[in-house]
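The values are calculated or read from the model by the stated rules, or taken from the named source; none is laboratory data. Keep in mind that this is a model prediction, so the values were computed, not measured. A quick note on method: Cβ atoms are made from the backbone with ideal geometry, for glycine too, and the neighbour counts reach across all protein chains shown.
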């Protein structure tokens, strides 16, 4: 979308076209059909822009409570954090007099940061800045957030010395903290290395001496070896079991080495030390006991499986497999749990016999470390019966096993 088309949408005639597009309940798959219908009544450029916004608003409903009033580009929406994640992260900036949202894009994080402290928003893209302004207005923040167009590769357009305004009377608290969200999608392609972000992560080396309180959003799939040399806390955040993002916390915002945070909650598990490869393999190993735990994805990415095992009084089945087992159940938000019925070395005939003996006609197959494909295995089992089980295909000390569990997860209230 071009800036001129977006600005046309904000005019009364443009809002009429946008409402007409919204009324069509459009989706990406029926875009051409709806565009044909809409462009017969309105200018094609305006119809196209309106349809883009209408489609993105529907898709954004899972991320933003006010999505129906907001403006997006496709790339900006895909990179934006959801409101729950953004709100949690903004809370870590509590106590600062002024915040700066660097690479603010359409303002998804600006909206939550501005509820914590006065916030300045910076981006190089005039279209996204214009959308950020409209989204702030839709959220009731209006002109409270100054917007600055700037290229962050040329430096931060703020001065720790000169921007200490009299508006901020609380001199006992830290002054300025930064949140940086570099672009990780360029020309439609995902950037996997922090060196390929725009700006690259290395740009912060020039900021930290002047702005030590810094949080940086990065991909949750980041290669941890790329972060060696950055003196930061690495936090992995999941939402309802799905890994969403990673954040680097520098300076006074750093509270540990690694952290896994589960939302809603929040529930956090932290470690003051990084779990180095040479220190692994020392955790206790056990055959499956009464309960099997599947740690949350954020626990795995943060390298906190061993710490969680110690917290639960549990053991791993294999040094390289993240399933945990224990004789008794300990309530935890950091892992899902199942009650173990039986386990044995993997063999198709033996597994088929065990399921037939229990009249199992439906299974859920979960695996770690197994090359077997769940759908193919289920076909080969030729199940008959009314009962249900959850099957785990994994390793015990390097050897393939199957763990047969009762189907229902053990819940926190049990």
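Does residue 82 satisfy being assigned by TED's automatic domain parsing to the domain that holds residue 200, surrounded by fewer than 23 Cβ atoms within 10 Å (Cβ to Cβ) and either touching a helix residue (DSSP H, G or I) at 6+ places or on another chain (Cβ under 9 Å) or in contact (Cβ under 8 Å) with a residue 12 or more places away in the chain (or both)?
Numbers: assigned by TED's automatic domain parsing to the domain that holds residue 200: yes; surrounded by fewer than 23 Cβ atoms within 10 Å (Cβ to Cβ): yes; either touching a helix residue (DSSP H, G or I) at 6+ places or on another chain (Cβ under 9 Å) or in contact (Cβ under 8 Å) with a residue 12 or more places away in the chain (or both): yes.
So residue 82 passes the test.
If you go through the stretch 367-393 one residue at a time, how many are out of contact with any helix residue (DSSP H, G or I) (no Cβ under 8 Å at 6 or more places or on another chain) and not in a helix (DSSP H, G or I)?
11
Considering only the stretch 394-409, I want to know if a residue exists there that is at pLDDT 95 or above and outside any strand (DSSP E or B).
no
Could you say which residue among 28, 16, 2 is more than 15 Å from residue 72 (Cα to Cα) and either touching a residue at least 40 places away in the same chain (Cβ under 8 Å) or not assigned by TED's automatic domain parsing to the domain that holds residue 137 (or both)?
16
Do you know which residues across the stretch 66-83 are at pLDDT below 95 and not in a helix (DSSP H, G or I)?
Answer for the stretch 66-83, where residues must be at pLDDT below 95 and not in a helix (DSSP H, G or I): there is none.
If you go through the stretch 91-114 one residue at a time, how many are farther than 15 Å from residue 176 by Cβ and either in a helix (DSSP H, G or I) or at pLDDT below 95 (or both)?
6
Do you know which residues across the stretch 38-57 are surrounded by 14 or more Cβ atoms within 10 Å (Cβ to Cβ) and without any contact (Cβ under 8 Å) to a residue 40 or more places away in the chain?
38, 39, 42, 43, 47, 51, 54, 55, 56, 57
Per-residue answers, yes or no, for (1) in contact with a strand residue (DSSP E or B) (Cβ under 7 Å, 6 or more places away or on another chain); (2) closer than 28 Å to residue 266 by Cβ; (3) in contact (Cβ under 8 Å) with a residue 60 or more places away in the chain; (4) not assigned by TED's automatic domain parsing to the domain that holds residue 245:
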{"residue": "298", "(1), (2), (3), (4)": "yes, yes, yes, yes"}
{"residue": "318", "(1), (2), (3), (4)": "yes, no, yes, yes"}
{"residue": "322", "(1), (2), (3), (4)": "yes, yes, no, yes"}
{"residue": "325", "(1), (2), (3), (4)": "yes, yes, no, yes"}
{"residue": "334", "(1), (2), (3), (4)": "yes, yes, yes, yes"}
{"residue": "357", "(1), (2), (3), (4)": "no, no, no, yes"}
{"residue": "376", "(1), (2), (3), (4)": "no, no, no, yes"}
{"residue": "385", "(1), (2), (3), (4)": "yes, no, no, yes"}
{"residue": "391", "(1), (2), (3), (4)": "yes, no, no, yes"}
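Being crowded, with 19+ Cβ neighbours inside 10 Å and within 20 Å of residue 260 (Cβ to Cβ) is the filter here; which residues of the stretch 333-365 pass it?
334, 335, 337, listed by residue number.
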